[in-house]
Amino acid sequence: MSHFESDVLWNPAWDTGRGRRVVSVAEIRAFHESIPGYAPTPLVSVPAVAAEFGVAHVLVKHEAERFGLPSFKIVGASWAVNAALSDVLGLAPQRTLVDLQDAVAPLRGRAALTTATDGNHGRAVARMARELGLDSIVYVPDEIASARADAIRAERAEVEVVPGSYDAAVRYAADCAARSAEDGGLRHVLVSDTSWDGYTRIPLAVSDGYTTIFEEMKAQFVGLLGSAATIDVAVVPVGVGAFASAAVNSLLGCAVVSAEPTAADCLWRSLEAGKPVVVPGPHGSTMAGLNCGEVSYNAWPVLAQGVRAAVRLSDLEATAAVRELAGLGIASSESGAASLAALRRLRLDARAGSLLRPASSVVLFDTEGVTDQVAYNAAIARKECLGHG
Ligand SMILES: Cc1ncc(COP(=O)(O)O)c(C=O)c1O
């Protein structure tokens, strides 16, 4: 077995029937549509890639711009902020952003939204706080790129650097929220996208929020290829697995393939072991949004049986995919390009033919545009050789 084949794991526990139906899909979509600037992100066909891979279609769902932010994250964060603040107020989730803005009026000057982040989720929570006239406190790991931390500050958040990895920042934010429970919890209304035993409801709302992305994609797919076409393979970048679990729940019957950095391969290792495995930091991958060492508690049971194959990647492969996408006119970060890199890696595996057939349609979720222009320019300028393919 070559080095490259060893980084594809065919999930021994995979079960086609897995997935949890999200009941409030229409309600969630209506809430998103009420936010000014809502527009579906594009689903772009890349026929040259399909021809190279010997499949019928490869399509890229490109999450480069959501409400003016450069990743998909606010789609989950906005619904979860709605859920968290409605909980505080003892109300059901609000139907529109305006309803939520009205409802939270008594909390202004008293409540702050809080979370830990590698960049995107925290920026999205901070943006929501700003929209609602609330404060926000965002905990970031010390390995975060300064451009990503500055972008969160630009949303008027208080940014606190926590020594250690993203997972350490998650624990720190949870401790602060637990301590502030003594003053009614208002100083730290926690909106985490990862979950743990005892904290599941709001992270579930994050992942439910992502269903809008999959609903958009399904409609666009039918628009492009007709209602007889099936989505056979979906490749998703994984950090804590909230987005991937939404993919499994939303795309029943489709083979979901996960993409992770080798430096932070917590899902890959957990699937291999058949139980959650922690990968201690620092992780340090250039796939910055994917630098997570623990699979979310909510996501694990969904992914344990719902992921068909897991792929782990080097930074070199992700950067090569950034360049390849740039050549196709798609500007994305390493985290977003990981799905194309994973497809390349998958194709080298002896069993890939079972998924990548001549009639197959593959959707790559490219979850982030350019968040750090200097790093992006450097990635495009680099000329490393991968030595495979
Ligand atoms: C750009 C990007 N893609 C993918 C992910 C992975 O999402 P999750 O942590 O839900 O697995 C993240 C997480 O922060 C991200 O920022």
The size of the Cβ-based charge dipole (Lys, Arg +1; Asp, Glu -1) of the chain about the Cα centre, to the nearest 20 debye, is 580
Between region 104-120 and region 167-184, what is the C-alpha centre distance in whole Å? 13
Viscosity 1.567 mPa s, temperature 4 °C: give me the Stokes-Einstein translational D for region 1-145 in µm²/s, with Rh taken as the Kirkwood radius over C-alpha pairs. 71
Inverse mean reciprocal Cα-Cα distance (Kirkwood Rh) of region 233-389, Å: 15.6
May I ask which residue of 352, 374, 340 lies farthest towards the positive end of the charge dipole of region 288-389, with charges of +1 (Lys, Arg) and -1 (Asp, Glu) on Cβ and the Cα centre as origin? 352
Please quote Rg/Rh for region 266-305 to two decimal places, taking the Kirkwood radius as Rh and restricting both calculations to Cα atoms. 0.98
Applying a 10 Å radius around every beta-carbon, put 140-153, 29-42, 106-119 in order of their mean neighbour count, most first. 106-119, 140-153, 29-42
Given 4 °C and 1.567 mPa s, how large is the Stokes-Einstein diffusion coefficient of the chain in µm²/s, with Rh as the Kirkwood radius over Cα pairs? 63
Restricting things to alpha carbons, find the Rg to Rh ratio for region 288-333 using the Kirkwood radius for Rh. 1.09
Once the mean 1/r over all distinct Cα pairs of region 258-344 is inverted, what Kirkwood radius in angstroms do you read off? 13.2
Take the alpha carbon atoms of region 264-321, find their center, do the same for region 209-256, and report the distance between the two centers in whole angstrom. 19
Per the Kirkwood formula over distinct C-alpha pairs, the hydrodynamic radius of region 145-257 in angstrom is 16.8
Charge dipole (debye, nearest 20) of region 101-156; +1 at Cβ of Lys and Arg, -1 at Cβ of Asp and Glu: 200
Rounded to two decimals, what is the ratio between the C-alpha radius of gyration of region 213-301 and 2.2 N^0.38 Å? 1.22
Gaussian network model of the chain, Cα springs within a sub-10 Å range: biggest mean-square fluctuation belongs to which of 22, 322, 374? 374
Once the convex hull of the alpha carbons of region 33-83 is built, what does its volume come to per residue, in cubic angstrom? 98
Among rounded, prolate and oblate, which fits region 53-124 when a ≥ b ≥ c are the square roots of the eigenvalues of its C-alpha gyration tensor, a/c under 1.5 means rounded, and a/b larger than b/c means prolate? prolate
If contacts are Cα pairs under 8 angstrom and at least 6 residues apart, what is the relative contact order of the chain in percent? 23
Report, in debye and to the nearest 20, how large the dipole of region 287-389 comes out about its Cα centre when Lys and Arg carry +1 and Asp and Glu carry -1 on their Cβ. 480
Coordinate range along principal axes, alpha carbons of region 95-199, Å, largest first: 38, 30, 23
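Throughout, read-outs are computed from the coordinates displayed, never taken from laboratory work. Since the structure is predicted, the reported quantities are computational estimates derived from the model, not experimental observations. Counting neighbours? That spans all protein chains shown, and the Cβs are built from the backbone with ideal geometry, glycine included.
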